[in-house]
Amino acid sequence: MKGIQNIDKAMHQGGVSPQVLELVHLPASRINGCGARVFAGVQGARKHGETGERLHAVAAWREALFFTDEERAALELTEAATRIADRTGKAVLDDVRDAAADHFNEEQLSAIILMIAPTNFVNRLNTTIEEPAGATWS
């Protein structure tokens, strides 16, 4: 847990708004089928002022009008880094990484990647042990 807490601390010191980090969390958890983390992600996003309208639309962020170009770049990077098994060759294509770099500096990109990777890690833990949505870790 100490290691995960250190990653979390570094991620939140990377200069990315908590709203963007929480938005990044949701598609990774949805793609991985982790209801427990989708539930927790919605709670976290609401805590940071996210609206229900945007939370309902995040699953269809490409078609929704509610997201900024910056948020779209972060969401696309999240999907690419989460769906690495869906393609051969490069895990994250240059144009996806470049689009994110147009909106975030190196420190901010590191923070977003630090949100994506542990989210995928915890998703795998939760789906393996069948952690139900709404359960709390104590």
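Figures for the structure shown
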| item | result |
| --- | --- |
| DSSP loop chymotrypsin sites (Phe, Trp or Tyr not before Pro) with at most 16 other Cβ within 10 Å excluded, longest remaining stretch of the chain | 67-136 |
| Order of S17, S29 - criterion: other Cβ atoms within 10 Å of each residue's Cβ, fewest first | S17, S29 |
| Residue order, fewest to most surrounding Cβ atoms within 10 angstrom, among M115, M1, M11 | M1, M11, M115 |
| Most mobile listed residue (E71, E106, E79) in the chain, GNM with C-alpha springs under 10 Å | E106 |
| Shape box of the chain [Cα atoms, principal axes, largest first, Å] | 40, 34, 30 |
| The chain - mean residue ellipticity at 222 nm from DSSP helices (-39,500 (n - 2.57) per run, n ≥ 4, rounded to 500) | -20500 deg cm²/dmol |
| Vicinal HN-Hα couplings computed from phi for segment 112-128 (Karplus, 6.51 cos²θ - 1.76 cosθ + 1.60; Hz; Gly/Pro x) | 5, 5, 5, 7, 5, 4, x, 4, 4, 4, 5, 4, 5, 4, 5, 5, 5 |
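Values in this text are rule-based calculations from the coordinates and carry no lab data. Quick caveat: nothing in here was measured; it's all calculated off a predicted structure. With ideal geometry, Cβ positions are generated from the backbone for all residues, glycine too; neighbour counts draw on all protein chains shown.
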